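Beneath this line is the structure, given in C-alpha cells, with notes to follow.
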Amino acid sequence: MKMKKHENALFVLLLAGFFAILGSTMSKSPTLPLYAQSLGLGKEEIGLVAAASTVTGIIVNFSSGLLSDLYGRRKLLKISGFVFLSAPLLYFLANDALTLALIRVYYGIATAIFVPVSLALVSDLYPDRKGTFMGFLSSATLVGRALAPLLAGSIIYLLGFSVVFILCSLTGLVVFILTFKLPDTGKELQRFEFSFSREIFLIGLLDAAVYMAYQGIETFLPLFYYLQGRAWLSGLILTVEISIMAALKPYAGYLSDRIGRIKPIIAGMGLVGLAMLLLAFSSSLFLIVLGAVAFSVGASLSEASTKPLAAEISRLRGTALGFLESIKDIGQALGPVIIGFLGFRIGFLGIGLFGLSILTLFLIYRHSSK
C-alpha cells in the first residue's frame, strides 16, 4: 500500500513538473522579448529584464532547499504553486522595464523553489531509485520546456499576449492544486543549519559547466556561419537536443542507480568536453550537429548522477540540491557572457576545458578523501 502511495506521488509530481515548466517557459519564450518590445523597451532593457529571474534563482534555490529541510517539502511546493498561479496575471500590470523586471523576479521564485524541492522530495520517497525517478522528473520538465515556445508563439500570433498570460496562470492553478496531493517529507532540521561541503561545491561546479555549455549553445547556435539565415534549422537542432535529453535522462538515472554515480559523471563530462571542442572548431554543419548531439548525451549522463550523488552525500537533501541549483544558475548566466566576450572558438573551448578541469579536481578530491 505504501509503495502504491509513492507511485501515485511520483505521477502527481511528474504532472506538476510538466505544467510548472510549460507555463513558466511559455511566459518567457518567445513571449517575454516580444511583450517587452510591445511596451517600448529597448534591447538593453529587454536583456536586463530577461536576466531578472535568473538572479532570483541564484538566491532562492539554496534558501528554498534549506527551508524545505526545516519546514517540509509540501509547504514550500504549495508556495511555488501559488506563485506559478499568480505571477502570469501580473503581466497585465506591466508598463515599463522596472515593473516587468519585478514581475520576472517574482515569477523566478516559483521555479527556484519547485526544482530543488521537488528533487529533494523524489530523493526522500525513493532512496534506492532516486537517479531513475529524478531522471523521469527532469524529462517531464523538458517536455514542457520543448512544447512551450511553439504553443506560446502560435497563441501570440493567433490570439495575442493576454491569452498566453491567462493560459500560463491556468497551468499554475493545476500545479497549485497538485501540490496539495503530495506527501509531506523533509523537516530534518530543528533549527537553521548549514555546513560547507567541498565535494558538493565541486559537484555544483560540474553542473555549472554543463549549463554554461547549454545556455551558450542555445544562445549562439543560430549565429553559426552554417546556420545563418536558416532559423528553422537551428530551431530544429535545439529541439532535437532537448528531445534527446528528455528521452535519455530516465535511462541515465537508471544506469547511475545500477553502476554508481562516478562512471556516468566521467563519461558525461568527457562528452560535454568533446562537444565544446567540436563546436569551437566546427568547419561544417555535420560537426555542429554532432557537437549538439554529443552535448545532449553527455549532459544527460552527468546530470542524472550529480543530483543523486549530492542527495547521498548530505543528510540535508533539500539544502544540498538547492545549493547545486544556485551554482548551476550562476553557470547558466555566465555561459553566453563568456562566449560573447571571447568569441565562439575560445569561448566554447574555454567552457569545455573548465568542465574537464573541475572533473579532474572532483576525482582527485574523491580519491584523497577515501
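The values are calculated or read from the model by the stated rules, or taken from the named source; none is laboratory data. Computed from a predicted structure; not experimentally measured. Glycine also receives a Cβ, built like all others from the backbone with ideal geometry; neighbour counts cover every protein chain displayed. Calculation scope for accessible area: heavy atoms of the full protein, side chains included, ligands and nucleic acids excluded. Shrake-Rupley method; radii C 1.70, N 1.55, O 1.52, S 1.80 Å.
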**Request:** For region 59-200, state the average projected area of the convex hull of the C-alpha atoms over all orientations, rounded to one decimal in nm².
**Result:** 10.3 nm²
**Asked** Rg and Dmax of region 235-300, using alpha carbons, in Å: what are they?
**Response** 12.5, 39
**Complete:** Expressed per residue, the solvent accessible area of the chain in Å² (1.4 Å probe) is about 44 Å²
**Request:** Could you pull out the pairs from LYS307/LYS328; LYS75/LYS307; LYS181/LYS249; LYS28/LYS130; LYS130/LYS249; LYS249/LYS307 whose alpha carbons sit more than 19 Å apart here?
**Result:** LYS75/LYS307; LYS181/LYS249; LYS28/LYS130
**Asked** P(r) of region 272-336 in 10 Å steps, Cα pairs, percent per bin?
**Response** 20, 36, 28, 13, 2
**Asked** Where the accessible area of the chain is counted over protein heavy atoms with a 1.4 Å probe, how much of it, in %, is carbon and sulfur?
**Response** 70 percent
**Request:** Have a look at LEU147, LEU93, LEU356 and tell me which one the Gaussian network model of the chain (Cα, springs below 10 Å) gives the largest fluctuation.
**Result:** LEU93
**Message:** Given a 10 angstrom Cα cut-off, can you work out which residue in THR54, THR319, THR360 is the most mobile in a GNM of the chain?
**Reply:** THR360
**Request:** Any chance you could tell me what percent of the C-alpha pair distances in the chain go past 28 Å?
**Result:** 42 percent
**Asked** Exactly which chymotrypsin sites (Phe, Trp or Tyr not before Pro) in region 263-370 are in a DSSP loop and have at most 16 other Cβ atoms within 10 Å?
**Response** PHE281
**Request:** With N denoting the number of residues in region 215-344, provide Rg(C-alpha) divided by 2.2 N^0.38 Å, to two decimal places.
**Result:** 1.13
**Message:** Show log10 I(q)/I(0) for region 47-126 at q = 0.10, 0.11, 0.13, 0.15 Å⁻¹, two decimals, from a solvent-free Debye sum over equal Cα scatterers.
**Reply:** -0.25, -0.30, -0.41, -0.53
**Message:** Are there DSSP H segments in the chain that both extend 20 Å or more along their axis (alpha-carbon positions) and score a mean Kyte-Doolittle hydropathy of at least 0.0? List them, or say none.
**Reply:** 2-26, 43-71, 73-90, 97-125, 130-158, 161-179, 198-220, 231-259, 262-280, 285-313, 317-342, 344-368
